[in-house]
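Bear in mind that the values in this text are calculations on the coordinates, not laboratory data. For clarity, every value in this text was computed on a predicted model and none was experimentally measured. So basically every Cβ, Gly included, is an ideal-geometry build from the backbone, and we count neighbours across all protein chains shown.
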């Protein structure tokens with residue numbers, strides 16, 4: 001039987017759904033103290049950096065027909081990749097919980113009936129999306145994305161039709177911190193994108209379109225959040241929807257966008273778990289991730305995700321730097337070995353450097369400097385090792 005491959009349009013739809021997200025809008029609200037001009041610059045610049053890395057990560061998995069965590073074996077070895085697979089599953093379950101929590105909180109603000117009820121509704125819809133499967137979501141995604149596109153255009157028009165965007169909102173936010181928040185969101189998708197581009201007919205084009213569509217839509221969501229926070233003086237998503245007068249339409253945006261984004265997190269948690277054993281069924285783990293995320297969203301408060309975003313950046317920025325150095329520059333593969341100690345040490349140094357850079361207010365944030373430094377160290381160490389072999 002011929003393996004079914006996804007087209008560019010299918011991949012673009014998936015990443016459109018990933019970009020239309022309450023978490024993206026919420027992240028945009030944090031940038032309101034910068035004012036619209038500086039905030040817009042930080043959003044665009046951060047997304048250009050993050051989405052270029054997203055494209056490169058998608059190319060690795062697409063070209064090798066490997067899932068995101070399988071590509072990690074190319075640089076860190078079969079067992080070395082277990083560390084990142086475990087961290088990835090944890091962050092994806094965390095994302096699932098955060099997204100369901102944000103969606104349920106916003107939905108309850110639009111139509112009060114209890115946060116836990118909305119969490120169950122959203123969690124149930126995510127399980128339905130998982131059950132349909134990535135290969136069969138084509139028509140469902142077209143309908144869902146069309147509805148989201150129309151509703152989000154209406155939301156944008158309502159929010160920006162009136163009001164003065166020139167005055168920054170109250171609070172403190174440096175340009176470097178804003179850049180970091182803008183880079184962090186696309187960076188959080190790095191350990192996922194190959195789960196989808198590996199199925200693409202044309203992996204490089206699919207990676208490019210996926211990163212471009214996600215980047216544009218994510219910027220749009222950030223701008224909506226930032227603009228709404230400047231105009232309304234609040235970062236509460238439900239209140240923003242209510243003030244925009246969207247009513248039921250706002251509720252649909254909240255629920256549908258949460259489902260289409262969080263589905264990717266739960267699905268990829270399942271795919272990443274398959275690295276540990278051939279006996280593990282990814283779909284079962286994905287359903288379990290959705291269930292755990294739903295329960296956590298019902299029980300625990302998750303109102304500030306900035307620390308979580310920075311933690312993701314500190315783990316996966318140096319990881320992708322090592323992978324890019326190995327795949328595109330050194331052109332080496334370590335998938336046959338159990339561990340690549342050298343690359344694990346370099347990754348850990350990059351992790352520590354990121355955490356150190358976070359204590360300094362840098363104009364371009366921590367991610368770009370950390371990735372550049374880690375990549376250079378990896379290339380130099382690789383060249384030295386190759387020289388010794390000769």
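Between residue 79 and residue 212, the modelled labels are 4.4 nm apart [label points 7 Å from Cα along Cα→Cβ].
Helix 248-273 and the long axis of the chain differ in direction by around 20°, with both axes built from C-alpha atoms. Measuring r between the beta carbons of residue 86 and residue 157 and using R0 = 30 Å, the FRET efficiency lands at 0.10.
Taking a ≥ b ≥ c as the square roots of the eigenvalues of the Cα gyration tensor, the range 253-390 is classed as oblate, since a/c reaches at least 1.5 and a/b does not exceed b/c. Length available on full extension from residue 174 to residue 65: 0.36 nm per residue minus the Cα-Cα distance, which gives 35.2 nm. Give me the angle, in degrees from 0 to 90, between the Cα long axis of helix 115-132 and the longest principal axis of the Cα atoms of the chain, rounded to the nearest 10. So the inclination is approximately 50 degrees. Centroid-to-centroid, using Cα positions, the range 201-225 and the range 21-97 are 12 Å apart. For the Cα atoms of the chain, what angle does the longest principal axis make with the long axis of helix 8-19, in degrees from 0 to 90, nearest 10? Taking Cα atoms only, the helix is inclined about 60 degrees. Taking 17 Å as the cut-off, the amide N atoms of the range 66-86 that come nearer than this to a point 7 Å along the Cα-to-beta-carbon line of residue 341 belong to 76-81. Approximating the spin labels as points 7 Å out from Cα along Cα→Cβ, the residue 9-to-residue 288 distance works out to 3.8 nm. Here each label is just a point 7 Å from Cα along the line to Cβ, and for residue 48 and residue 202 those points are 2.6 nm apart.
Shown is the FRET efficiency for residue 252 and residue 303, computed with R0 = 30 Å from the Cβ-Cβ distance and rounded to the nearest 0.05: 0.80.
One chain, two ends: residue 117 and residue 41. Fully extended at 0.36 nm per residue, the span grows by 23.5 nm beyond their Cα-Cα distance.
Multiplying the residue separation of residue 352 and residue 147 by 0.36 nm and subtracting their alpha-carbon distance yields 69.5 nm.
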